[in-house]
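Asker: Provided herewith is a single structure, encoded as structure tokens, for subsequent inquiry.
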There are 2 protein chains.
Amino acid sequence: MASRKEVAALAGVSEATVSRVMNNVGPIKEQTRRKVLEAAERLGYHLNAIASSFAKGRSGNVGVVLPHVPKVRLFSTFYFSEILSGIGEAVQEAGMGLLLLYREPGMEYDYLSLFRTSRIDACLVLGATSLPQEERSITRMAEAEVPFYVVDQRYEDRRIPSVLADHELGSYLAAKHLLDQGLRRIGFLNGTDYYSNSRDRLSGYRRALQEAGIAFDETLLFEGNYSRKSGIEAAAAVLRSLDRLDAVACSNDRMAIGLIQGIKEAGIAVPGRLPVIGYDDSDAAAFIDPPLSTVRVPFYEMGRLAAEQVMQELARESAEGEPDGGGDRVRMLPTSLAIRQSSLTTKGELNR
Amino acid sequence: MASRKEVAALAGVSEATVSRVMNNVGPIKEQTRRKVLEAAERLGYHLNAIASSFAKGRSGNVGVVLPHVPKVRLFSTFYFSEILSGIGEAVQEAGMGLLLLYREPGMEYDYLSLFRTSRIDACLVLGATSLPQEERSITRMAEAEVPFYVVDQRYEDRRIPSVLADHELGSYLAAKHLLDQGLRRIGFLNGTDYYSNSRDRLSGYRRALQEAGIAFDETLLFEGNYSRKSGIEAAAAVLRSLDRLDAVACSNDRMAIGLIQGIKEAGIAVPGRLPVIGYDDSDAAAFIDPPLSTVRVPFYEMGRLAAEQVMQELARESAEGEPDGGGDRVRMLPTSLAIRQSSLTTKGELNR
């Protein structure tokens, strides 16, 4: 069988490019891809991704490490299922396996042993927080220069690569949408602040208030844990503050759906008396009554991009014998509004 | 460190039982579990499931092989996400990893190479069909006596172990629910018949008709592929047969939701003119308008049970050095009705 070197020479590209094309990893110009595939075909060069991984003492697996939360069916949440679908698609295309592993939230986790024991060749971390034990565990991967990406969580340490969505923008747009309708006293039901994405949402909310010349009022902040149950619980606090609220923005759809359920049960009309906007554009958003206005987040694309990035680094490392390391490896995808009925009001219905 | 043999002697149980307790695999009497844990504690015996797997040249992974369907986000479907959540929970408790792999539907798949190369120690097959290539690939695992289970698909070959839901019963109950309201001409929108679960649903539907003394009418059968889109497409055929239909039973919620959407767009009232019942009790069922009557299927429990069964066989094989092999290893979980509004009618509204 021809060698990778011969294919590279015939196609007029680097050996690394041959690897990337043959492993179907990373963005490659269509023209380059065709040149490589033609050269490979002429020389009878084939690559079985898994077989070649094994030959190198590799597992052929991309590890995905998830928080284990008792009683929560992670795959059944829109957030994780979409990210995992994106990861799964990219991993499938590359002919690799996806090894799911659970960690205890808030605890140290020995990612490096997964690499040492060849259980995984590359790692994606989902649902990570800024809690010190978690950040420390992740930092160790950066120091060891193994191929990994964190999804939807950023750290100050710029050696930690991540794929993010622009939650500052999403939350800004949601609050601005309410403010633009003349609503002024906007409550904000946010998730726990050990997620950078919660902190980013708070920043976006504050920026929208500031632009509208409205003072930030801490007493209009409510906290949940991104579950529907915590949204129902938040309804009690929202109802107690009802005479000081024109609308509520929520940090995800599940909390918004719980909140709407709770305030509707108390006889308060949504959006009539209290417009509500969610965040995520989950499956349920279009189905509930009233249909939920929300912020669209490209979770599937985030998962796909993170998997492509990490496999691209793996291929580069295989080809060049050294990790990427250099450069800022933070990728940010945009968010946008998806307005339905729950956030829309007419002046006449407002009680201000 | 004490040996497993010493723990077994002190607890008065077999070494296999010690393994099962320490690996947290399979059903164990609480009293036995306590005896083993106390003996282990007294003797300072610890077991790290993954470490012990590696010591035996094992991967510590349960493989889950899924069909790859382009453009379908498998994790985002209620069916797969629930089964995977159940599998994930059991695998997490046992300290093992879950290796997701994709196969091409309808093609041969080399499951045994996953065992030979130590990528997995046990295997679960999801979304399998009765197509000959698929059955042949799965039969090879039975012949090789490796630990595996098929989920929600049964084969005539009794050496193939499976965890099933009683879809014959579920579909019987759905049709009977419509018949009990005096409706007689029941359409049936089923999925592809290369799934045993589709064939079982057809049997249940036919049994309900027979009990009600109604002749089976093949022209009232409609076919989809379990997608919402195929439900919308089926609406056209249902509308063409409308003057011969009192109600429609569907083989899953997504097809039912698509069907309802299609017939409502044609101005036909559901349930007023045409009661519809779905199947699965997915998240969306309670949210749509009208709320969907459906059949509840314990998908999460099926996934969990399949994972527990296969890990129990793995533990037994480890402990006793030989596979289980014997006995009928088909587990069937019950289904039940979840009646909401889409299937309910009053005599006055019927057009018969």
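Read-outs: derived from the displayed coordinates by stated rules, not from any lab. Remember, predicted model here, so these are calculated numbers, not experimental data. Backbone-built Cβ (ideal geometry, glycine too); neighbour counts: all protein chains shown.
Asker: For the range A:228-237, in order, what is each residue's ³J(HN,Hα) by Karplus, 6.51 cos²θ - 1.76 cosθ + 1.60 with θ = phi - 60°, in whole Hz (x at glycine and Pro)?
Answerer: Values, residue by residue: 5, 4, 5, x, 4, 4, 5, 4, 4, 5 Hz.
Asker: Please say if chain A is rounded, prolate or oblate, where rounded means a/c under 1.5 for a ≥ b ≥ c the square roots of the C-alpha gyration tensor eigenvalues, and otherwise the choice is prolate for a/b larger than b/c and oblate otherwise?
Answerer: Cα axes put chain A in the prolate bin.
Asker: If you line up the Cα atoms of the protein assembly as shown on their principal axes, what length do they span on each, largest first, in Å?
Answerer: 73, 70, 67
Asker: Check each of the GluC sites (Glu not before Pro) in the range A:103-157 and keep only those in coil by DSSP with at most 10 other C-beta atoms within 10 angstrom; list them in order.
Answerer: A:156
Asker: What number comes out for the charge environment of residue A:103, summing +1 per Lys or Arg and -1 per Asp or Glu over other residues with Cβ under 11 Å away?
Answerer: -4
Asker: Hey, for residue A:38 with labels 7 Å out along Cα-Cβ, what do the inter-copy distances come to in nm, ordered shortest first?
Answerer: 7.8
Asker: Go through the range A:242-254 residue by residue and turn each phi into a ³J(HN,Hα) via Karplus (6.51, -1.76, 1.60, θ = phi - 60°); whole Hz please, and just put x for glycine and proline.
Answerer: 4, 6, 10, 10, 9, 5, 9, 9, 10, 7, 7, 5, 4
Asker: As a check on your reading of the symmetry: which chain A residue has its Cβ nearest the axis that brings A onto B, and how far is it in Å?
Answerer: Measuring from each Cβ to the axis, the minimum is at A:287, 2.
Asker: Given H placed 1.01 Å from N in the peptide plane, which residues other than close sequence neighbours of residue A:127 have an amide H under 5 Å from its amide H?
Answerer: A:151
Asker: Okay, moving on. Please compute the length gained on full extension between residue A:243 and residue A:140, using 0.36 nm multiplied by the number of residues separating them and subtracting their Cα-Cα distance.
Answerer: Extending this stretch completely gives an extra 32.1 nm.
Asker: OK, next. Net charge near residue B:171: determine it from the other residues with C-beta under 11 Å of the C-beta of residue B:171, scoring Lys and Arg +1 and Asp and Glu -1.
Answerer: +2
Asker: Which shape class applies to the range A:213-352: rounded if a/c is under 1.5, otherwise prolate when a/b exceeds b/c and oblate if not, where a ≥ b ≥ c are the square roots of the Cα gyration tensor eigenvalues?
Answerer: Verdict is prolate for the range A:213-352.
Asker: Just order A:121-127, A:207-213 by mean Cβ neighbour count inside 10 Å, highest at the front, would you?
Answerer: Top to bottom by mean Cβ count within 10 Å: A:121-127, A:207-213.
Asker: Another question, if that's okay. Taking each residue in A:115-128, count the Cβ atoms of any other chain within 10 Å of its Cβ, then average. What number comes out?
Answerer: What the average comes to for A:115-128 is 1.
Asker: For the range B:176-265, what does the alpha-carbon gyration tensor say about shape, rounded, prolate or oblate, given a ≥ b ≥ c as the root eigenvalues, a/c under 1.5 as rounded, and a/b over b/c as prolate?
Answerer: Because a/c hits 1.5 or more and a/b fails to exceed b/c, the range B:176-265 counts as oblate.
Asker: Still on this structure, please answer the following. For a quick check, take a GNM of chain A with Cα springs below 10 Å and name the residue from A:89, A:104, A:308 with the largest mean-square fluctuation.
Answerer: Of the options given, A:104 has the highest mean-square fluctuation.
Asker: What value, in deg cm²/dmol to 500, does the helix sum -39500 (n - 2.57) over DSSP H runs of n ≥ 4 give at 222 nm once divided by the residues of chain B?
Answerer: When only DSSP H runs of four or more count, the value is -13500 deg cm²/dmol.
Asker: On average, how many beta carbons from a partner chain sit within 10 Å of the beta carbon of a residue in A:78-90?
Answerer: 4
Asker: Distance between Cα centroids, the range B:157-232 to the range B:52-130: provide it in whole Å.
Answerer: 29
Asker: Same structure, new question: Which trypsin sites (Lys or Arg not before Pro) in the range B:59-142 sit in a loop by DSSP (not H, G, I, E or B) and have at most 13 other Cβ atoms within 10 Å of their own Cβ?
Answerer: B:71
Asker: Highest GNM mean-square fluctuation, chain B, Cα pairs closer than 10 Å: which of B:153, B:312, B:92?
Answerer: B:92
Asker: Which one of A:249, A:16, A:306 has the biggest mean-square fluctuation once chain A is modelled by GNM with Cα springs under 10 Å?
Answerer: Largest GNM mean-square fluctuation: A:16.
Asker: Sticking with this structure for a sec: Measuring label to label, 7 Å along Cα→Cβ, what does residue B:229 give against each other copy in nm, shortest first?
Answerer: List, nearest first: 3.8 nm.
Asker: Just counting partner chain Cβ atoms within 10 Å, what average do the residues of peptide B:299-305 show around their Cβ?
Answerer: Per residue, the average neighbour count from other chains is 1.
Asker: Fewest Cβ neighbours within 10 Å first, please rank B:186, A:87 accordingly.
Answerer: By the 10 Å Cβ count, ascending: B:186, A:87.
Asker: Within the set A:5/A:29; A:71/B:29; A:229/B:264, which residue pairs have Cα atoms separated by over 27 Å?
Answerer: Among A:5/A:29; A:71/B:29; A:229/B:264, the Cα-Cα distance tops 27 Å for A:229/B:264.
Asker: 7 Å along Cα→Cβ for the label point: how many nanometres lie between residue A:210 and each equivalent label in the other copies, listed shortest first?
Answerer: 7.4
Asker: For the protein assembly as shown, what is the charge dipole size about the Cα centre, in debye to the nearest 20, if Lys and Arg each add +1 at the Cβ and Asp and Glu each add -1 at the Cβ?
Answerer: Taking the Cα centre of the protein assembly as shown as origin, the dipole is about 620 debye.
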